[in-house]
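Just so it is clear, none of the values below were taken in a lab; they were calculated from the coordinates. None of these values were measured; they are calculated from a predicted model. A quick note on method: Cβ atoms are made from the backbone with ideal geometry, for glycine too, and the neighbour counts reach across all protein chains shown.
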Amino acid sequence: MKQKEAQVDYKDHQLVLYVEKKDGSYGPVQTGSYIAKKYLDDFWSKRDNLEREYLEKIRKGEASPIAFYMILEELTPSELASRVRIPKRKVKRHCDPRHFGEITMAELMRYCEVFNVPVINMFRAIISNKAGVRIKDEKSANPFFGTLRIEVGKK
């Protein structure tokens, strides 16, 4: 790739490419990411739509929080079963809201470790569309207890 072809004006996501310079030598050039510039907004838009769709499915009783997080993390039932250390058939059952209540606390905690969410997030959703509202989940040494801090107008 030539130096001129590598130049992308995108300050939010910079990277270093090794390209052929004008004098014929090869070396590093700092530039913006073409993929981030062209496709990142589309990715976040699709992810937001997917999140809203699955939250609605949970509300309607069509999916469980396990299915929600599995889709958001882009995991297959086999991958999730391996990470949670349970059979694949159990993961599939836990994706069904009728069987979500059968999860043991140990299994639920392993799911939460894989999804990197507190246990309470399996039982509630926090949604805020208001500008200036920050929601922060503070962890404690006790895995069963945390603090949800909602700050308005602070940065």
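Annotations
- As a summary of the residue check, residue 88 satisfies the conditions (1) in contact with a Ser or Thr (Cβ under 6 Å, 6 or more places away or on another chain); (2) among the basic types (Lys, Arg); (3) crowded, with 16+ Cβ neighbours inside 10 Å except for the one numbered (3).
- Residues of the stretch 79-114 that turn out to be among the basic types (Lys, Arg) and either in contact with an Asp or Glu (Cβ under 9 Å, 6 or more places away or on another chain) or in a loop (DSSP other than H, G, I, E, B) (or both), as a count: 5
- Whichever residue in the stretch 13-39 is of a type in the set (A, V, I, L, M) and surrounded by 14 or more Cβ atoms within 10 Å (Cβ to Cβ) and, among such residues, is farthest from the chain's Cα centre (by Cα): 19
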